[in-house]
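Any read-out appearing in this document is the output of simple, stated calculations on the displayed coordinates, not a laboratory observation. Keep in mind that what you see is a predicted model, and the values were worked out from it rather than measured. Virtual Cβ from ideal backbone geometry, glycine too; neighbours counted across all protein chains shown.
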Amino acid sequence: VSIGPSNNGAWETPYELDKNDPNTIYIGYDELEKSTDGGNSWNTITNGETNGGKIDEIAISKSNPDRIYISDGPDMFRTINGGSSWSQIDNNGLPNKTISYILVNPNDENTVWVTLSGYTAGEKVYKSLDGGNSWINISDNLLNIPVNCIELDNNNIFETIYIGTDLG
């Protein structure tokens, strides 16, 4: 497998497979790279959004693969057109904390959850119903420990989510 052109990744460099096409791969360095041929060739689909930072998290919508979310520390960006243009979406209710995971509802590209690391009480999990234009804090009374990941139970008729923390 060849590596994308910038090769300047975070400690845990993120990559994501398109949920509809396993030949389409995304990898996050200081830019987001995309391959549509299983990694043989790569194209950069960001344009300096991280300002030299490293992409930490990537989430691609299953229902609309042109909708992609990325984060660099506390900064979060969204494209609705496959990377032709990007918008920063963390200034609309997300605290200035490191984003540890991004999850997109597989049936609705506008429903997005993020988890946050760190030890700020009451700032652990946020949800957006409008693609990141606004955020709702759903942390409730979670323990004050870092939250590292989130998953949606697709087999449940209710919207059930599970989180992983430093304690499990």
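A few points about this structure:
- Based on the reciprocal of the average 1/r between different C-alpha atoms, the Kirkwood radius for the stretch 12-57 equals 10.8 Å.
- When DSSP beta bridges are restricted to pairs lying wholly in the chain, around 100% turn out antiparallel.
- Cross-link table 19/127; 97/127; 19/97; 34/62, entries beyond 23 Å C-alpha to C-alpha: 19/97
- The gain in end-to-end length when the residue 158 to residue 13 segment is fully stretched comes to 48.9 nm, 0.36 nm per residue minus the alpha carbon separation.
- Convex hull volume of the chain per residue (C-alpha atoms, cubic angstrom): 117
- Summed residue charge, Cβ within 10 Å of residue 10's Cβ, Lys/Arg positive, Asp/Glu negative: -4
- Percentage relative contact order, the chain, counting C-alpha pairs under 8 Å, at least six apart: 13
- Simple label model, 7 Å out from Cα along Cβ direction - residue 166 to residue 136, nm: 2.9
- Rg over Rh [alpha-carbon atoms, Kirkwood Rh] for the stretch 1-88: 0.92
- Kirkwood radius and radius of gyration were both taken over the C-alpha atoms of the stretch 59-109, and their ratio Rg/Rh is 0.96.
- Gyration tensor verdict on the stretch 80-120 (Cα atoms; rounded if a/c is under 1.5, prolate if a/b is larger than b/c, oblate otherwise): oblate
- Column: log10 I(q)/I(0), Debye, Cα scatterers of the stretch 77-163, q = 0.11, 0.12, 0.15, 0.27 Å⁻¹: -0.30, -0.35, -0.55, -1.45
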